[in-house]
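K.L.:
Below you'll find the structure I mean.
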Amino acid sequence: MPNSLRGLYAITAECADGNRLFAQIEAVLKGGCRIVQYRDKRSAMPERLARARALRRLTQHFNARLIINDDLALADLIDADGLHLGKDDGNLAAARAILGRHKIIGASCYADFPAAQNAQAAGADYVAFGAAYPSPTKPGAPLATVDLFLRAKNELTANNCAIGGITLENAPTLIGAGADLLAVITDLFSAADIVARAAAYQQLFEKAQP
């Protein structure tokens, strides 16, 4: 299991303008973020491939990791650092067999602890619980309580990730409960200064170091 799965986990916002997308990701990387997920539910495959390759080069420049959301073929094609799978987005064990043991694989577990246990058994490096707070990205999603992160920290060997409605104000509670990663979209990319916002999230983790 990768030891560096800790800190801000930037997830790309849906963006029609590729240049804007790359500028946003460059900003979070300049702010110290070292793990990025490319999530794109709208673009056609040729556009996703071109963007993923550009993001791969950009993250490599900053010695950061690029995770592909829900697309095993794309992750394998561009030799991404890993893959994130939702509940109905493919077989985790099969993805592990294809990508190999050195790639990062994450799984969405919502507010379901047994699902996290199953994902870990199938080879997940991290499990994502959410929504941690009400989220504009996924309105109506069941909330993952703070107790869930505490339990994951005590009972799982996989890293755990919080997602959904996270802000600088509520982030310390999640980190204190044991969240290794904070997956953020809206609070990060809506900031007037994305570099500073990313740096502020990273500083929360640094302050929480034992």
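The values are calculated or read from the model by the stated rules, or taken from the named source; none is laboratory data. Bear in mind that the values here come from a model prediction, so they are computed numbers and not experimental data. All Cβ positions, glycine included, derive from the backbone under ideal geometry; neighbour counts span all protein chains shown.
K.L.:
Any idea which residue in region 122-131 is surrounded by the fewest Cβ atoms within 10 Å (Cβ to Cβ), counting only those that are modelled with pLDDT under 95 and of a type in the set (A, V, I, L, M, F, W, C)?
P.N.:
Looking at the filtered set, the residue picked out is Ala122.
K.L.:
Tell me whether region 170-178 contains one or more residues that are under 26 Å from Leu21 (Cα atoms) and among the aliphatic types (A, V, I, L, M).
P.N.:
There is at least one residue in region 170-178 that is under 26 Å from Leu21 (Cα atoms) and among the aliphatic types (A, V, I, L, M).
K.L.:
Still on this structure, please answer the following. Scan region 96-123 for residues that are in a helix (DSSP H, G or I) and either in contact with a Pro (Cβ under 7 Å, 6 or more places away or on another chain) or free of Cβ contacts under 8 Å to residues at least 24 places away in the same chain (or both) and jot them down.
P.N.:
Passing the criteria: Ala97, Pro114, Asn118, Ala121.
K.L.:
Let me ask something else. Give Asp81, Asp76, Asp88, Asp17 a once-over and let me know the one that is surrounded by 17 or more Cβ atoms within 10 Å (Cβ to Cβ) and of a type in the set (D, E, K, R).
P.N.:
Asp81
K.L.:
Filter region 134-177 down to the residues that are assigned to a loop (DSSP other than H, G, I, E, B) and modelled with pLDDT of 95 or more and list them by number.
P.N.:
Leu156, Thr157, Ala158, Ile166, Thr167, Leu168, Glu169, Asn170
K.L.:
Here is a follow-up. Out of all the residues in region 18-46, which are free of Cβ contacts under 8 Å to residues at least 24 places away in the same chain and farther than 22 Å from Ala73 by Cα?
P.N.:
Hits for region 18-46 are Asn19, Arg20, Ala23.
K.L.:
Report, ordered by the first and then the second residue, all pairs with beta carbons closer than 6 Å, sequence separation of six or more or different chains, a first member in region 5-17 that is among the charged types (D, E, K, R), and a second member that is assigned to a loop (DSSP other than H, G, I, E, B) and crowded, with 16+ Cβ neighbours inside 10 Å.
P.N.:
Listed by first residue and then by second, the contacts come to Arg6/Asp180.
K.L.:
For the list (1) over 30 Å from Leu150 (Cβ atoms); (2) in contact with a strand residue (DSSP E or B) (Cβ under 9 Å, 6 or more places away or on another chain), I need the number of the one condition that Pro46 fails.
P.N.:
(2)
K.L.:
Within region 141-172, take every residue that is of a type outside the set (S, T, N, Q) and in contact with a Pro (Cβ under 9 Å, 6 or more places away or on another chain) and give me the one that is farthest from Ala93 (Cα to Cα).
P.N.:
My answer is Gly165.
K.L.:
Go through region 109-134 and report how many residues are more than 15 Å from the chain's Cα centre (by Cα) and small (Gly, Ala, Ser).
P.N.:
7
K.L.:
Which of (1) surrounded by fewer than 24 Cβ atoms within 10 Å (Cβ to Cβ); (2) under 22 Å from Ala198 (Cβ atoms) does Lys153 not meet, given it meets every other one?
P.N.:
Exception for Lys153: condition (2).
K.L.:
Tell me yes or no: at least one residue of region 74-88 is touching a strand residue (DSSP E or B) at 6+ places or on another chain (Cβ under 9 Å), within 24 Å of Ser190 (Cα to Cα) and either touching a residue at least 24 places away in the same chain (Cβ under 8 Å) or part of a helix (DSSP H, G or I) (or both).
P.N.:
Scanning region 74-88 turns up at least one residue that is touching a strand residue (DSSP E or B) at 6+ places or on another chain (Cβ under 9 Å), within 24 Å of Ser190 (Cα to Cα) and either touching a residue at least 24 places away in the same chain (Cβ under 8 Å) or part of a helix (DSSP H, G or I) (or both).
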